[in-house]
Amino acid sequence: MTGPVSDAVSTQGLTKVYRGTVALSDLDLTIRQGDAFGFIGPNGAGKSTAFNVVTGFQPPNAGRVHFEGADITAEPPYRIAERGLVRMFQRTSLFPEAGALDNVLTACHRLARTGLRDVLFMTRSHRVEEHRLEERARALLAFVGLGHKGDEPARSLSCGEQRLLGLAIALAPAPSVLLLDEPAAGLNAVETERLMRLIEGIRAQGLSVLLVEHDMKLVMGMCDRVVVLNYGVKIAEGTPAEIQRHPEVIRAYLGSGDALARP
Ligand SMILES: Nc1ncnc2c1ncn2[C@@H]1O[C@H](COP(=O)(O)OP(=O)(O)O)[C@@H](O)[C@H]1O
Ligand SMILES: [Mg+2]
């Protein structure tokens, strides 16, 4: 068992090489429970690679990943998600032809406690469980503001709505840590604002959030700590205020200090 003081996620010497390209080099990270952790860096800096390796979608060449005290290095993604470390995808609907609610419900089924016998014989416990999961799926859909779209096929939702559906699906297995890789990409200002309010609401419930986002204002406004990657190497880590005045960050990434000041 791990106590409440254990770190949510940590990495030690995490390294990923793609055909000679060092995408991630010797990354050490410690993310505490409830932290909002931002990842910034130029294109190709290794941000998505870090997420892929942490969530088991890619095996590292070296290094370890721990989640709530357990070594999860190279565990398959579904195992890692079951533990509570979940990644939201940009294009997420599991079944584009199926309704939005059914997509969330399918994701909720990972929580189901009934066995095959219950399913085959439609036992009372199975019916109770089905009802509980459906309630949960409806609540999640309502939470992201899609309560009225439950019957619409996922594919017919707008880009912004699909992203919200993706968020509901990511929340279905009741994660304790949520990874978001450019969640606002392709969204307009209103949709971005809405998504970010939701992410803040999720954080307020005690979840840790790991966020990759190009919009600097957004990262700086939402995150307690920020890591800066450049060519796979962590060049800085600190509070948003520390990062904004870090000379190496300004040189490597921000170009000039006023990149941060622009709205
Ligand atoms: N699946 C892959 N195969 C080969 N090279 C990859 C792969 N994924 C990423 N890379 C390379 O790794 C480096 C880091 O990429 P990435 O993690 O996607 O950066 P970021 O998300 O910060 O833009 C880049 O040089 C990229 O070309
Ligand atoms: Mg990326």
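The values are calculated or read from the model by the stated rules, or taken from the named source; none is laboratory data. Treat the numbers as computed from the prediction; the structure is a model and nothing was measured. Glycine gets a Cβ as well: all are built from the backbone with ideal geometry, and neighbour counts include every protein chain shown.
Considering only region 188-232, state which residues are of a type in the set (S, T, N, Q), out of contact with any helix residue (DSSP H, G or I) (no Cβ under 9 Å at 6 or more places or on another chain) and either modelled with pLDDT under 95 or surrounded by fewer than 18 Cβ atoms within 10 Å (Cβ to Cβ) (or both).
Correct list: Gln205 only.
Hey, does region 238-258 have a residue that's in contact with a strand residue (DSSP E or B) (Cβ under 6 Å, 6 or more places away or on another chain), within 28 Å of Gln12 (Cα to Cα), modelled with pLDDT of 90 or more and assigned to a strand (DSSP E or B)?
So far as region 238-258 goes, no, none of its residues is in contact with a strand residue (DSSP E or B) (Cβ under 6 Å, 6 or more places away or on another chain), within 28 Å of Gln12 (Cα to Cα), modelled with pLDDT of 90 or more and assigned to a strand (DSSP E or B).
Go through (1) on the phi < 0 side of the Ramachandran plot; (2) more than 12 Å from ligand 1 (Cβ to nearest atom); (3) out of contact with any Leu (no Cβ under 6 Å at 6 or more places or on another chain) one by one and return the number of the condition Ala74 breaks.
(1)
Among the residues of region 3-30 satisfying the criterion of being surrounded by fewer than 22 Cβ atoms within 10 Å (Cβ to Cβ), within 16 Å of Val65 (Cα to Cα) and away from ligand 1 (no atom under 16 Å from the Cβ), which is modelled with the lowest pLDDT?
For region 3-30, the residue satisfying everything is Ser6.
Gln58 versus (1) in a loop (DSSP other than H, G, I, E, B); (2) more than 16 Å from ligand 2 (Cβ to nearest atom): which is the lone unmet condition?
(2)
Between a first residue in region 178-191 that is touching a residue at least 40 places away in the same chain (Cβ under 8 Å) and a second residue that is among the small types (Gly, Ala, Ser) and surrounded by fewer than 20 Cβ atoms within 10 Å (Cβ to Cβ), which pairs have beta carbons less than 9 Å apart while being 6 or more apart in sequence or on different chains?
Asp181/Ser48; Glu182/Ser48; Gly186/Gly160
Can you tell me which residue among Gly166, Gly201 is more than 16 Å from ligand 1 (Cβ to nearest atom) and without any contact (Cβ under 8 Å) to a residue 60 or more places away in the chain?
Within the list Gly166, Gly201, the selection yields Gly201.
Can you go through Ala23, Ala45 and tell me which one is assigned to a loop (DSSP other than H, G, I, E, B), in contact with a strand residue (DSSP E or B) (Cβ under 7 Å, 6 or more places away or on another chain) and either over 19 Å from Val209 (Cα atoms) or aromatic (Phe, Trp, Tyr) (or both)?
Working: Ala23 fails: assigned to a loop (DSSP other than H, G, I, E, B).
Going through Ala23, Ala45 in turn, the sole match is Ala45.
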